[in-house]
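Participant: Could you have a look at this structure, given as structure tokens, before my questions?
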Amino acid sequence: MSTSKNRIIVALDYDDGDKAWNLVEQLGDEACCFKVGLQLLTAAGPQFVRKLVDANKRVFLDLKTFEIPNSVAGAVDSAGALGASMVTVHASGGSKALNAAVKAAEPYPDLIVLGLTVVTSMNESDLAEVGVRGSVKEQVLRLAKLTVDAGCQGVVASTLETQVLRRELPKETLIVTPGIQLDGGKSNDQERVATPKAAIQAGASYLVIGRAITKALDPKAAFLDAVNGMP
Ligand code: C5P
């Protein structure tokens, strides 16, 4: 398994490319993986992703596609052409969409397709509201299995579900875990949060950390805290 610092993906949730780049520079060579989500992609465009790739950073392009298979395939193809290392597809879109994503990623051997299970802000009553019966855990497991069966290399899931997923999924499956809070930090709006140590012990392969680093008084110190907090 790669070193601790390579397992931390810093979420660049900014409304402006210059602010995001400033953080990348502050973190320096220690940080090699960054998540670009819909906000930054919309604000700063694909050229921001290219700039990260050109600086030898790995980019998790969090497209969260929930679309017809043809459109999912097109988005994954564009992500691969841009040089992204990871891309997300909503598993709730079903196996046809997941299969299309996996096929579209074939020309890009370094591109990992991740299935999104249940976003960490949702609880059981949020699921019921959209017609999904049962617990969050059951839904995460159902969607994670669908993702793996479709040939995706990994899933996104919170620490609370990671332990079950590690038991139930093939061992090579990557589990990417958001909802991370540093020791002593305050929880933001996430329902299912954990420390880096707890997430790794539960079986996470990669951790996605946003505000605990980007909003820290000293982001580099927060990043190093996260690295050193890993077992
Ligand atoms: O909370 P934090 O700033 O660390 O969030 C980092 C990333 O984790 C976000 O970009 C988002 O994709 C994901 N997240 C999530 N559920 C939340 C909040 C954030 O999956 N409730």
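Participant: Take the residues of segment 171-190 that are modelled with pLDDT under 95 and surrounded by 16 or more Cβ atoms within 10 Å (Cβ to Cβ): which is farthest from the chain's Cα centre (by Cα)?
Facilitator: Per the stated criteria, the residue is Gly185.
Participant: Further question: Take the conditions surrounded by 14 or more Cβ atoms within 10 Å (Cβ to Cβ), under 27 Å from Glu138 (Cβ atoms) and of a type outside the set (Gly, Ala, Ser) and apply them to Leu23. Does it pass?
Facilitator: no
Participant: Just a yes or no: is a residue in segment 187-195 more than 24 Å from Val59 (Cα to Cα) and hydroxyl-bearing (Ser, Thr, Tyr)?
Facilitator: Checked against the condition, which is being more than 24 Å from Val59 (Cα to Cα) and hydroxyl-bearing (Ser, Thr, Tyr), segment 187-195 yields at least one hit.
Participant: Out of Ser85, Ser95, report the one residue that is farther than 21 Å from Val118 by Cα, away from the ligand (no atom under 15 Å from the Cβ), polar (S, T, N, Q) and surrounded by fewer than 23 Cβ atoms within 10 Å (Cβ to Cβ).
Facilitator: Ser85
Participant: Identify the single condition in (1) farther than 18 Å from Ala75 by Cβ; (2) surrounded by fewer than 17 Cβ atoms within 10 Å (Cβ to Cβ) that Leu127 does not satisfy, given that it satisfies every other one.
Facilitator: So Leu127 meets the others, but not (2).
The values are calculated or read from the model by the stated rules, or taken from the named source; none is laboratory data. Just so it is clear, the model here is predicted, and its values are computed rather than measured. A quick note on method: Cβ atoms are made from the backbone with ideal geometry, for glycine too, and the neighbour counts reach across all protein chains shown.
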